[in-house]
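S.K.: Pasting a structure here, questions to come.
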Amino acid sequence: MTRILGLSGSLRRGSFNTGLLLAARDLAPEGVQVELYEGLRDIPPYDEDVRAAGFPPVVEDLRRRILEADALLFATPEYNRSVPGVLKNAIDWVSRPPHQPFDGKVAAIVGASPGALGTALAHYHLRQVLSVVGVYVLPAAETLVGGAGAKFDAGGLLTDEATRNVLRDRMTRLVDLATRLAPRV
Ligand SMILES: Cc1cc2nc3c(=O)[nH]c(=O)nc-3n(C[C@H](O)[C@H](O)[C@H](O)COP(=O)(O)O)c2cc1C
């Protein structure tokens, strides 16, 4: 079983980005399990003095879950052409030594927005941040879901068949990358 940890950068009820992860969980190929991380709201603002005294338990929990995952799936909204602060804050916590768990992980980035560009700029900011902490981000395979308002139903279910197919494809590619970079013996 390949375990993908899904991290949404939105705290919003009815979030399109969390909706992408829920769809990915439903569409996961045989042998793949997508688990959603739901603790983002509880991660405190980064404080180096606090870290020096020891990671808060919520951060330890996230670090452990990232370490144990075979791959990561980030669903990021775009806020002012970048990554939401809550997501960047969580990445900052996780990235601190010792034994930072991002190093050598594989990840894919998806993002949904009501706007036409579908999180393109946030996507590239997140790619940059993840690269510097040692994550292999799936090359090419941009997953930019624009016009999201028309692609989800009122209950937050992803109904757009083309986007559902793209998610299936991204998970297949992500598992392939994870397998190539970390072959099991
Ligand atoms: C502070 C803030 C800044 C935003 N900036 C952008 C932006 O730069 N580009 C964009 O496409 N949408 C922007 N939006 C709109 C979001 O794409 C929209 O709220 C979206 O639904 C957020 O994702 P979610 O549905 O997963 O919560 C912004 C929203 C907020 C709250």
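The values are calculated or read from the model by the stated rules, or taken from the named source; none is laboratory data. Since the model is a prediction, treat every value here as computed from it, not as a measurement. Reconstructed Cβ throughout: ideal geometry from the backbone, glycine too, with neighbour counts over all protein chains shown. The area values use the complete protein model at the heavy-atom level, side chains included, leaving out ligands, DNA and RNA. Shrake-Rupley method; radii C 1.70, N 1.55, O 1.52, S 1.80 Å.
S.K.: Please count how many residues of segment 38-48 are within 16 Å of the ligand (Cβ to nearest atom) and either open to solvent by 40 Å² or more (accessible area, probe 1.4 Å) or β-branched (Val, Ile, Thr) (or both).
M.R.: 2
S.K.: Kindly indicate the residue of segment 94-131 that is within 16 Å of the ligand (Cβ to nearest atom), of a type in the set (A, V, I, L, M) and open to solvent by less than 70 Å² (accessible area, probe 1.4 Å) and also modelled with the lowest pLDDT among those meeting that condition.
M.R.: Taking the candidates together, the pick is Ala120.
S.K.: Next question, about the same structure. Of these, Arg51, Arg63, which one is outside any loop (DSSP other than H, G, I, E, B), charged (D, E, K, R), buried (at least 16 other Cβ atoms within 10 Å of the Cβ) and without any contact (Cβ under 8 Å) to a residue 60 or more places away in the chain?
M.R.: Arg63
S.K.: Could you grab me the full set of residues in segment 132-157 that are surrounded by fewer than 16 Cβ atoms within 10 Å (Cβ to Cβ) and either more than 11 Å from the ligand (Cβ to nearest atom) or β-branched (Val, Ile, Thr) (or both)?
M.R.: Scanning segment 132-157 gives Val132, Gly134, Pro139, Ala140, Ala141, Ala150, Asp153, Ala154, Gly155, Leu157.
S.K.: Going by the structure shown, is Val86 surrounded by fewer than 15 Cβ atoms within 10 Å (Cβ to Cβ), modelled with pLDDT of 95 or more and β-branched (Val, Ile, Thr)?
M.R.: Criteria not met by Val86.
S.K.: Shifting gears a bit: Going through segment 1-37 one residue at a time, which ones are in a strand (DSSP E or B), surrounded by 20 or more Cβ atoms within 10 Å (Cβ to Cβ) and within 14 Å of the ligand (Cβ to nearest atom)?
M.R.: Those that are in a strand (DSSP E or B), surrounded by 20 or more Cβ atoms within 10 Å (Cβ to Cβ) and within 14 Å of the ligand (Cβ to nearest atom): Gly6, Leu7, Ser8.
S.K.: So for segment 73-89 (the condition being in contact (Cβ under 8 Å) with a residue 24 or more places away in the chain and away from the ligand (no atom under 15 Å from the Cβ)), does at least one residue qualify?
M.R.: Checking segment 73-89: not a single residue is in contact (Cβ under 8 Å) with a residue 24 or more places away in the chain and away from the ligand (no atom under 15 Å from the Cβ).
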